[in-house]
Amino acid sequence: MDRTVGTGGRGLLARGGERTARRNLLFSVLSEHVGFSVWSLWSVMVLFMGPRYGVDPAGKFFLIGTATFVGALVRIPYTFAVARFGGRNWTVFSALLLLLPTGLAFAVMEPGTSYTTFVLVAALTGVGGGNFASSMTNINAFFPLRKKGWALGLNAGGGNVGVPVVQLVGLLVIGTAGAVHPRIVLGVYLPLIVVAAVCAALFMDNLAPVRNDTGAAKEAVRARHTWIVAFLYVGTFGSFIGYSFAFGLVLQTQFGRTPLQAASLTFAGPLLGSLVRPVGGSLADRHGGARITLWTFAAMAAATSVVIYASLIESLAVFLAGFIGLFVLSGLGNGSTYKMIPAIFLAQGHREGLAGEEAEAYGRRLSGAAMGLVGAVGALGGLGINLAFRQSFQASGTGTAAFAAFLVFYAACMGVTRAVYLRRPAAVPGTAEHVTEPEPRPGYAKV
């Protein structure tokens, strides 16, 4: 059955389709949630990999880094897939694809399996990371600009919750069956994947303008703001996913926690970071995404300083306080940074001489395409974090050096945000056709 709906220039809500938009949002969250859980499976599997597996901490960081890397790369084709196949169609397919890495992990997760096999299976779980890009691109087109911060934040936050949920499942298994039964975790997710795919097939829609517009991706690639926001998203989402994957392993390696002790603490940070993501989007709706993003990076730098201090004095309590603060702040920053994308391209439409519905259509097209690219580059930040931890622990046995590098990066993100999006508003010269315009069009200061 073909479930394709149209939309006018102001988004589906403007046509009285709020129920349709919310229904698609709900089942998009479900599919993305399961995708995130599969993507982060190896942050849980490494907690089950005791001495019998013969994998050292550096090897475990490499496993989760491999999943992160592949998840970042596949976000680019996943973004384009929405335009090619339709949001509903691609959600069904991408959900069913999760059966492959989950089933293979179920088959090989035991002592005696070669490390190369573990790396290959971990790489396949990266397809779960791609679900975010296609989901955000699809949902972006269902809501007008005034609702995008809330809708995108809820969509992404609901997906991000998949990280702490799979970690909670791992905790439950370790606490009841012990740290020798990782297949139970995998067995829980196999039927959930099928449920997500069936729900998408029954209750989601293809949105005609998204499905038919394949040229926006090329324009988004050429737009410099795509890459500027991607850099900022490395600092927010890259931090969230990198810390989510590495948190339990850091606790085991640096503070000597057992698998059960690590699992009992690991889920708290990702859960809080996921829940506050819609708050970051809502704050950006009211106060501007760039302003919220700037203050978030400042606070992340302060929290990183606390973590460095805790590492130096070897205080687990202070370390946990600072690290959980980083999760919360990265969640806020995820919401505010993503809200910037549609606002930036709407402002860009005004700078190009467009107005009204034309400017909104321009912004919607480019922001939908840019979101997948931004998400892909941002996820690479998670790879950087895992590789930094791997190098830091190899060199000194602690993560202190890695956190020092993260502090420098957050300072750079602050500088870019302020320089590009928060300088004083400047008049933008009109085009030849609009030289008689009485009021200058705004720059990006209100993004």
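The values are calculated or read from the model by the stated rules, or taken from the named source; none is laboratory data. Note that the coordinates shown come from a computational prediction; the quantities given were computed from them, not determined experimentally. Every residue, glycine as well, gets a Cβ built from its backbone with ideal geometry; the counts of neighbours run over all protein chains shown. SASA here: full protein model, heavy atoms, side chains in, ligands and nucleic acids out. Shrake-Rupley method; radii C 1.70, N 1.55, O 1.52, S 1.80 Å.
Which residues, taken from the range 54-82, are among the aromatic types (Phe, Trp, Tyr) and open to solvent by 30 Å² or more (accessible area, probe 1.4 Å)? Spell out the reasoning first.
Quick first cut of the range 54-82, residues among the aromatic types (Phe, Trp, Tyr) only: 61-62, 69, 78, 80.
Hits for the range 54-82 are Phe62, Phe69, Phe80.
Find all pairs meeting these conditions: Cβ atoms under 6 angstrom apart; at least six residues apart or on different chains; first residue within the range 51-71 and in contact (Cβ under 8 Å) with a residue 60 or more places away in the chain; second residue in a helix (DSSP H, G or I) and open to solvent by 70 Å² or more (accessible area, probe 1.4 Å).
The qualifying pairs are Ala58/Arg390; Ala58/Gln394; Phe61/Arg390; Gly65/Leu387.
Could you check Lys148 against (1) of a type in the set (Lys, Arg); (2) open to solvent by 30 Å² or more (accessible area, probe 1.4 Å); (3) under 22 Å from Phe36 (Cα atoms) and say which number it fails?
(2) is the only condition that Lys148 fails.
Against the condition open to solvent by 50 Å² or more (accessible area, probe 1.4 Å), within 23 Å of the chain's Cα centre (by Cα), modelled with pLDDT under 95 and closer than 26 Å to Tyr338 by Cα, how does Leu383 come out, does it pass?
Numbers: open to solvent by 50 Å² or more (accessible area, probe 1.4 Å): no; within 23 Å of the chain's Cα centre (by Cα): yes; modelled with pLDDT under 95: yes; closer than 26 Å to Tyr338 by Cα: yes.
No; evaluated as a whole, the condition is false for this residue.
Name the single residue, out of those in the range 284-306 being in contact (Cβ under 8 Å) with a residue 60 or more places away in the chain, surrounded by 24 or more Cβ atoms within 10 Å (Cβ to Cβ) and touching a Gly at 6+ places or on another chain (Cβ under 9 Å), that is nearest to Phe247 (Cα to Cα). Lay out the reasoning, then the answer.
Step one: filter the range 284-306 for residues in contact (Cβ under 8 Å) with a residue 60 or more places away in the chain, giving 284-285, 288-291, 293-294, 296-298, 300-301, 304-305.
Adding the requirement that they be surrounded by 24 or more Cβ atoms within 10 Å (Cβ to Cβ) leaves 284, 289-290, 293, 296-297, 300, 304.
Next, from what is left, pick out any that are touching a Gly at 6+ places or on another chain (Cβ under 9 Å): 284, 289, 293, 296-297, 300, 304.
On the way: Ala284: 28, Gly289: 28, Thr293: 23, Thr296: 20, Phe297: 20, Met300: 16, Thr304: 14 Å.
Looking at residues that are in contact (Cβ under 8 Å) with a residue 60 or more places away in the chain, surrounded by 24 or more Cβ atoms within 10 Å (Cβ to Cβ) and touching a Gly at 6+ places or on another chain (Cβ under 9 Å), I get Thr304.
Looking at the structure I just gave you, is Leu47 at negative phi, open to solvent by less than 20 Å² (accessible area, probe 1.4 Å), modelled with pLDDT under 95 and in contact with a Pro (Cβ under 8 Å, 6 or more places away or on another chain)?
On the way: at negative phi: yes; open to solvent by less than 20 Å² (accessible area, probe 1.4 Å): yes; modelled with pLDDT under 95: yes; in contact with a Pro (Cβ under 8 Å, 6 or more places away or on another chain): yes.
Criteria met by Leu47.
When Arg22 is evaluated against the numbered criteria (1) at pLDDT 95 or above; (2) of a type outside the set (Phe, Trp, Tyr); (3) open to solvent by 40 Å² or more (accessible area, probe 1.4 Å), which criterion, by number, is the only one it fails?
Only one criterion is unmet by Arg22, namely (1).
Taking the criterion of being surrounded by 20 or more Cβ atoms within 10 Å (Cβ to Cβ), at pLDDT 90 or above, under 14 Å from the mean Cα position of the chain (by Cα) and in a loop (DSSP other than H, G, I, E, B), would at least one residue in the range 268-283 satisfy it?
yes
Would you mind finding the one in Gln254, Gln261 that is farther than 23 Å from Arg146 by Cβ and in contact with an Asp or Glu (Cβ under 9 Å, 6 or more places away or on another chain)? Steps first, please.
Numbers: Gln261 fails: in contact with an Asp or Glu (Cβ under 9 Å, 6 or more places away or on another chain).
The unique qualifying residue is Gln254.
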